[in-house]
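Structure record follows, encoded as structure tokens.
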Amino acid sequence: MKIFVGPRTPAKKNIAVIMIGLHLLLLAGCSHSLEITNLSKYNSTTATSCESHVSVGIIGKAQDYEDSRIVKSAGTELSKYGAEVLIPYSESSSKPVDIIATIGVTPRHEGSGWNFLINFPGFLIPPCQYK
């Protein structure tokens, strides 16, 4: 039994062109430029080195490993400006310091509803998983 498949009709050709166009439009919509709207909140200020010897004791109020890394990195950055930093410091320590800093980390995990539209349909496409 032979099945006759005739030549493509203009209607089938138009549907194929429309489907390809929709796919290209969908893929073009997945890429966009990144615009930072609140950059002024994250400007760094210029710091100068200490002219006199300053010792800083840091009391960390870290609740987990990530928080303690942030506290330690704050002490490391302070030591770059000529301060002697003691981490961890306790108020009953035998070595006196000029400044006692208490650093606590309060994480805030917030998101916007727009994140769904920005990521769509990327989360629906499974990534390649190499073993």
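Assorted remarks:
- Remark: I70 falls outside the filter, which requires a residue to be at negative phi, modelled with pLDDT of 85 or more and over 35 Å from the mean Cα position of the chain (by Cα).
- Residue count for the range 50-80, restricted to those that are in contact with a strand residue (DSSP E or B) (Cβ under 9 Å, 6 or more places away or on another chain) and among the hydroxyl-bearing types (S, T, Y): 4.
Residue by residue, here is whether (1) outside any strand (DSSP E or B); (2) among the small types (G, A, S); (3) touching a helix residue (DSSP H, G or I) at 6+ places or on another chain (Cβ under 9 Å) holds:
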| residue | (1), (2), (3) |
| --- | --- |
| S73 | yes, yes, no |
| E77 | yes, no, no |
| Y81 | yes, no, no |
| V97 | yes, no, no |
| I100 | no, no, no |
| H109 | yes, no, no |
| S112 | yes, yes, yes |
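- Within the range 30-59, the set of residues being exposed (fewer than 10 other Cβ atoms within 10 Å of the Cβ) and modelled with pLDDT of 75 or more comprises E35, I36, T37, N38, L39, S40, K41, Y42, S52, H53.
- Contact annotation: residue pairs with Cβ atoms under 7 Å, 6 or more positions apart or on different chains, pairing a residue in the range 60-81 that is buried (at least 17 other Cβ atoms within 10 Å of the Cβ) with a partner that is part of a helix (DSSP H, G or I) and modelled with pLDDT of 85 or more, are G60/S68; G60/V71.
The values are calculated or read from the model by the stated rules, or taken from the named source; none is laboratory data. What you see is a predicted model; the values in this text were computed from it and never measured. Counting neighbours? That spans all protein chains shown, and the Cβs are built from the backbone with ideal geometry, glycine included.
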